[in-house]
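In what follows, a structure is listed as structure tokens, so that the remarks can point back to it.
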Amino acid sequence: MIDAHCHLNFHSFEKDYDEVIKSAFAAGVTKIINVGTKIDSSQKAVELAQKYENLYAVIGMHPHHADKLEEDWLEELEKLAKKPKVVGIGEVGIDYFSYKSNDVINPKLQKEVFIKQIELAHKLKLPLQIHNRQAGKDIIDILINYKSRLLNSPGVFHCFAGSLNLLKKALDLGFYVGFDGNITYNGLAPGEDTDLKDLAKYTPTDRLIVETDSPFLAPVPKRGSRNVPEYAIITAKFIAKVKDITFAEIEAKTTENTIKLFNL
Ligand code: NI
């Protein structure tokens with residue numbers, strides 16, 4: 001079992017990341033991909049990857065930070081991307097959801113920052129981890145425009161949400177599809193119109209990836225508590241039921257997919 005997207009580099013894990021990582025490996029998680037959202041958390045992800053054998057880093061500038069960039073952010077990111085065990089560029093993308101803590105960032109800036117990181121991923125031949133919230137159309141338009149810059153397996157739509165049509169387009173472009181603990185929640189998230197369970201059902205098993213997005217989105221029955229990488233197992237069991245296949249099959253297939261995509 002692999003947790004292909006978490007944030008052990010965030011404050012929430014400052015005091016006990018060592019315990020959390022060891023506990024995940026003891027529970028049957030074999031590899032963990034830790035993801036940055038700006039320069040300092042990307043730096044932290046790179047450092048953590050040096051410390052643990054089966055821990056990897058994905059580094060990038062999240063769209064939430066697109067209006068607070070230092071002038072040299074892209075150079076800094078490129079330097080980090082060349083460090084050992086950096087396996088992808090993320091999480092990058094576009095977010096049009098209006099959060100309590102964070103209003104929608106200027107779409108033009110978000111798109112520019114996303115495109116620059118598509119170019120960086122192309123230059124370094126790294127896959128993308130895409131963050132999309134309510135911005136599927138603009139993301140797909142950009143990806144189609146920059147198709148010549150994408151790898152054959154261009155990356156993963158992290159924590160997938162959206163319409164069936166968006167899912168089909170992402171699959172057509174060769175992307176993998178990541179599902180997280182929120183697939184275990186009943187009902188639809190604000191602004192969404194398609195049940196995540198239906199989207200997972202539609203996604204071919206050889207394109208599925210399991211993630212936690214720890215410390216966020218803990219799956220039922222842990223919902224409301226801090227999420228941790230070992231809960232990837234809970235989510236994988238849930239997805240197995242949704243797809244009416246065995247947990248062993250989901251575990252084997254999603255592990256294989258993640259290793260292939262990120263060249264682990
Ligand atoms: Ni995340």
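The values are calculated or read from the model by the stated rules, or taken from the named source; none is laboratory data. This is a predicted model, so every value here is computed, not measured. All Cβ positions, glycine included, derive from the backbone under ideal geometry; neighbour counts span all protein chains shown. Protein only, heavy atoms only, side chains kept; ligands, DNA and RNA dropped before computing areas. Shrake-Rupley method; radii C 1.70, N 1.55, O 1.52, S 1.80 Å.
Which numbered condition in (1) under 28 Å from Tyr99 (Cβ atoms); (2) among the aromatic types (Phe, Trp, Tyr); (3) open to solvent by less than 60 Å² (accessible area, probe 1.4 Å) is the only one that Phe216 fails?
Every condition holds for Phe216 apart from (3).
Have a look at Lys44, Lys51 and point out the one that is within 19 Å of Phe216 (Cβ to Cβ), open to solvent by 40 Å² or more (accessible area, probe 1.4 Å) and without any contact (Cβ under 8 Å) to a residue 40 or more places away in the chain.
Of Lys44, Lys51, the one residue that is within 19 Å of Phe216 (Cβ to Cβ), open to solvent by 40 Å² or more (accessible area, probe 1.4 Å) and without any contact (Cβ under 8 Å) to a residue 40 or more places away in the chain is Lys44.
Kindly provide the set of residues from region 66-84 that are touching a residue at least 40 places away in the same chain (Cβ under 8 Å) and open to solvent by 30 Å² or more (accessible area, probe 1.4 Å), ordered by number.
Asp67, Leu69, Leu74, Glu78, Lys82
Would you please name the residue that is surrounded by the most Cβ atoms within 10 Å (Cβ to Cβ), looking only at residues in region 145-161 that are among the small types (Gly, Ala, Ser) and within 16 Å of the ligand (Cβ to nearest atom)?
Residue satisfying both the conditions and the ranking: Gly155.
Considering each residue of region 219-237, count those that are open to solvent by less than 60 Å² (accessible area, probe 1.4 Å) and more than 16 Å from the ligand (Cβ to nearest atom), and give that number.
5
Does Val87 qualify as being open to solvent by 10 Å² or more (accessible area, probe 1.4 Å) and assigned to a strand (DSSP E or B)?
Judged against the criteria, Val87 is a match.
State whether the residues of region 28-36 include one that is in contact (Cβ under 8 Å) with a residue 60 or more places away in the chain, surrounded by 14 or more Cβ atoms within 10 Å (Cβ to Cβ), touching an Asp or Glu at 6+ places or on another chain (Cβ under 7 Å) and assigned to a helix (DSSP H, G or I).
Taking every residue of region 28-36 in turn, none turns out to be in contact (Cβ under 8 Å) with a residue 60 or more places away in the chain, surrounded by 14 or more Cβ atoms within 10 Å (Cβ to Cβ), touching an Asp or Glu at 6+ places or on another chain (Cβ under 7 Å) and assigned to a helix (DSSP H, G or I).
What residue, among those in region 39-55 that are part of a helix (DSSP H, G or I) and of a type in the set (A, V, I, L, M, F, W, C), is nearest to Asp16 (Cα to Cα)?
Leu48
Being of a type outside the set (Lys, Arg) and over 23 Å from His11 (Cβ atoms) narrows it down to one residue among Ala121, Ala49, Ala57; which is it?
Just one listed residue meets the conditions, Ala121.
Surrounded by 14 or more Cβ atoms within 10 Å (Cβ to Cβ), away from the ligand (no atom under 16 Å from the Cβ) and either among the hydroxyl-bearing types (Ser, Thr, Tyr) or within 26 Å of Ala236 (Cα to Cα) (or both) - does that describe any residue in region 95-103?
For region 95-103, residues surrounded by 14 or more Cβ atoms within 10 Å (Cβ to Cβ), away from the ligand (no atom under 16 Å from the Cβ) and either among the hydroxyl-bearing types (Ser, Thr, Tyr) or within 26 Å of Ala236 (Cα to Cα) (or both): present.
Would you pick out the residues in region 3-25 that are away from the ligand (no atom under 15 Å from the Cβ) and touching a residue at least 40 places away in the same chain (Cβ under 8 Å)?
Of everything in region 3-25, those that are away from the ligand (no atom under 15 Å from the Cβ) and touching a residue at least 40 places away in the same chain (Cβ under 8 Å) turn out to be Val20, Ile21, Ser23, Ala24.
Looking at (1) over 18 Å from Asn34 (Cα atoms); (2) in contact with a strand residue (DSSP E or B) (Cβ under 6 Å, 6 or more places away or on another chain), which is the only condition Ile130 fails?
(1)
Just one of Thr194, Thr184 is away from the ligand (no atom under 16 Å from the Cβ), under 26 Å from Lys241 (Cβ atoms), of a type in the set (S, T, N, Q) and surrounded by 23 or more Cβ atoms within 10 Å (Cβ to Cβ); which is it?
Thr184
Residue by residue through region 65-94, note down the ones that are within 15 Å of the ligand (Cβ to nearest atom) and in contact with a His (Cβ under 9 Å, 6 or more places away or on another chain).
Answer for region 65-94, where residues must be within 15 Å of the ligand (Cβ to nearest atom) and in contact with a His (Cβ under 9 Å, 6 or more places away or on another chain): Gly90, Glu91, Val92, Gly93, Ile94.
So which residues in region 114-143 are among the β-branched types (Val, Ile, Thr) and within 16 Å of the ligand (Cβ to nearest atom), if there are any at all?
Ile130, Ile139 - these are the residues of region 114-143 that are among the β-branched types (Val, Ile, Thr) and within 16 Å of the ligand (Cβ to nearest atom).
If I go through region 106-132 residue by residue, how many of them are closer than 14 Å to Gly90 by Cβ, open to solvent by less than 60 Å² (accessible area, probe 1.4 Å) and either among the polar types (S, T, N, Q) or out of contact with any Ser or Thr (no Cβ under 8 Å at 6 or more places or on another chain) (or both)?
Here the count works out to 13.
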